[in-house]
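The values are calculated or read from the model by the stated rules, or taken from the named source; none is laboratory data. Just so it is clear, the structure is predicted and the values come from calculations on it, not from any experiment. Using ideal geometry, Cβ is built from the backbone for each residue, glycine included, and neighbour counts are taken over all protein chains shown. Keep in mind that these areas ignore ligands, DNA and RNA; they rest on the heavy atoms of the full protein, side chains included. Shrake-Rupley method; radii C 1.70, N 1.55, O 1.52, S 1.80 Å.
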Amino acid sequence: MRSVGYSLSTAVADIIDNSIAAHAKTISIRYFDHGEDPYVAIIDDGDGMDYETAVNAMKLAGTNPNAKRNANDLGRFGLGLKTASLSQARSVMLSTVQHGRQNTLRWDLDHVARTREQTQDTR
């Protein structure tokens with residue numbers, strides 16, 4: 001999954017597609033290259049997700065490719081967020097707010113390798 005040919009720019013573009021599908025009007029890309037743990041944060045003002053939707057977004061192939069989608073939904077298989085992110089990093093964190101409720105989930109490949117557990121829920 002980590003070697004599917006994404007460059008940093010195509011990985012970021014794939015995640016921005018999710019922001020566009022969520023009706024974001026403002027999308028900020030922040031790159032932090034300080035110390036040993038640089039990271040990229042993509043922040044938008046889109047619709048957000050409830051807990052169940054966020055969990056499904058973090059599942060591998062969490063979307064049925066035959067399911068009905070909105071016209072502005074650019075994804076098809078539910079792999080973009082994880083594949084794009086994990087092609088560039090060993091962890092991905094999704095933090096979303098909808099109706100005043102925040103949900104944060106994280107994939108950490110080092111944690112998975114160490115414990116064989118697949119999810120970390122930080123709520």
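Residue order by solvent-accessible surface for Thr53, Thr104 is Thr53, Thr104, largest first, with ligands and nucleic acids left out and a 1.4 Å probe.
From largest accessible area down, sort Met58, Met93, Met49; use a 1.4 Å probe on the protein chains. Spell out each step's value before the answer.
On the way: Met58 15, Met93 120, Met49 45 Å².
Listed by decreasing accessible area, they come as Met93, Met49, Met58.
Counting only protein heavy atoms and using a 1.4 Å probe, the accessible area of Leu109 comes to about 40 Å². Local charge for Val40 was computed over the other residues whose Cβ lies under 11 Å away, with Lys and Arg +1 and Asp and Glu -1, and equals 0. Measuring between their Cα centroids, segment 10-61 and segment 78-115 lie 9 Å from each other.
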